[in-house]
Amino acid sequence: MKISVRFTAAVHTLLCIYYFSKDNRVTSEFISGSTGVNAVIIRKILLQLQKAGLVETAAGVGGSKLSREADKITLLDVYNAINEGEEEREVFNFHPAPNPACPIGKNIHRVLDPTLENAQKAMEAELAKTTIEDLKGEMR
């Protein structure tokens, strides 16, 4: 399973808000023009980011702004915001019913789960190291 495109679109959205909000009204249409993602999808992403406390959005053409400092918003915050309430939040998900009568099926969780859990934790630890401020600092 791949991480949803909404994750990278959400990071792009936050960077747009951070970069442009001083001089522009950063609306879903504005963000759509930068991301190439439909404005309806951007509005859904903005709602998820708002629910997570990462952005504030004014109705209509008011635009959006960050709810906290950019150096306090990590990529893990974004990942969690975009995946909030999702059943399959983890990167790795199992096929639903391994055969308990099969020597592989009855042992697959025991032998594979620890490795997959460690990989998930490593990914989350890496995402926690990078902030929106860090990413903006790498822009030219």
message: Given a Förster distance of 22 Å, report the FRET efficiency between ALA97 and ALA119 from their Cβ-Cβ distance, rounded to the nearest 0.05.
response: 0.45
- line: Per DSSP loop assignment and a cutoff of at most 14 other beta carbons within 10 Å, the chain keeps its longest run without exposed chymotrypsin sites (Phe, Trp or Tyr not before Pro) at 1-91
- line: Note: ARG43 to LEU112 extended length (0.36 nm per residue) minus current alpha-carbon separation gives 21.0 nm
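Return the FRET efficiency for the residue pair GLU138, SER21: r is the Cβ-Cβ distance, R0 is 22 Å, and the value is rounded to the nearest 0.05. Present the calculation step by step, with values, prior to reporting the outcome.
Numbers: r = 19 Å, r/R0 = 0.86.
For GLU138 and SER21, the calculated efficiency is 0.70.
Please compute the net charge surrounding THR35, taking Lys and Arg as +1 and Asp and Glu as -1 over other residues with Cβ under 15 Å from its Cβ. Can you show the working numbers first?
Working: positive: ARG6, ARG43, LYS44; negative: GLU29.
Neighbourhood net charge equals +2.
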With Cα atoms, 0 to 90° folded angle of helix 108-128 axis to the chain main axis: 20
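Report, in deg cm²/dmol and to the nearest 500, the calculated mean residue ellipticity at 222 nm for the chain, where each DSSP H run with n ≥ 4 adds -39500 (n - 2.57) and the sum is divided by the residue count. All intermediate terms of the calculation are to be shown ahead of the outcome.
Working: 6 runs with 73 residues, N = 140.
So the calculated ellipticity at 222 nm is -16000 deg cm²/dmol.
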message: Taking loop as defined by DSSP and a crowding limit of 12 other beta carbons within 10 Å, which GluC sites (Glu not before Pro) in region 12-72 fit?
response: GLU69
message: Let's see if you can work this out: charge +1 on each Lys and Arg Cβ, -1 on each Asp and Glu Cβ, no other charges. What is the dipole magnitude of the chain about its Cα centre, in debye to the nearest 20?
response: 220
field: Top positive-direction residue, dipole computed over the chain with Cβ charges, set LEU49, GLY33, PRO98
entry: GLY33
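Hey, got the dipole for region 3-86? About the Cα centre, +1 on K and R Cβ, -1 on D and E Cβ, debye to the nearest 20?
Magnitude of the dipole: close to 140 debye.
Fully extended, how many nm does the chain gain between ALA58 and LYS72 (0.36 nm per residue separation, minus their Cα-Cα distance)?
Values: separation 14, 0.36 × 14 = 5.04 nm, distance 2.16 nm.
In short, 2.9 nm is gained.
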query: Relative to the longest principal Cα axis of the chain, at what angle does helix 5-20 sit, 0 to 90 degrees, rounded to 10?
result: 20
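Computed from the coordinates by the stated procedures, all read-outs in this text should not be read as laboratory data. None of these values were measured; they are calculated from a predicted model. Counting neighbours? That spans all protein chains shown, and the Cβs are built from the backbone with ideal geometry, glycine included.
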